[in-house]
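Bear in mind that the values in this text are calculations on the coordinates, not laboratory data. If you're wondering where the values come from, they're calculated on a predicted model, not measured in any experiment. Don't worry about glycine lacking a Cβ; one is built from the backbone with ideal geometry, like all the others, and counts go over all protein chains shown.
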Amino acid sequence: MDDGFKVNNGVGLATESFTEEEVDRLKFVLENKFDLLVSKNPRKTNSSINRFRLFISAKSRNKLHSLVMPYFIPEMLYKLRATFTFEFSIIITFFNNYLKKEKEVKDAFSRE
């Protein structure tokens, strides 16, 4: 649950242990499957091997939070509670999930 960090209002991912090809693949998935704004930046190291970090733009932060929030253990939720905007999105996400569950229950009872 902890290989990321806050960068200004965005999020950095510590991807230095991956090859450049793997970092590119992860970037592609984050951009195309999850519609996040992601940049790849070189990381200076003492070795001759190029290492890269991914950065998720502040413009995508709320979307990222709403994607990962359901998978966070309660003890780590403090890492997501950075802004009022995000807390508002948690409320909206909770409410939408509640409405979906409520509809599933109603549908289940109506089938009986």
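Label positions at Leu37 and Met76, each projected 7 Å from the Cα along the C-beta direction, are separated by 2.6 nm. Counting neighbouring beta carbons within 10 Å and listing from fewest to most, the residues Arg61, Arg43, Arg53 come out as Arg43, Arg53, Arg61. For the residue pairs Lys63/Lys100; Lys79/Lys103; Lys63/Lys103; Lys33/Lys63; Lys44/Lys79; Lys6/Lys79, the C-alpha atoms sit more than 21 angstrom apart in Lys79/Lys103; Lys63/Lys103; Lys44/Lys79.
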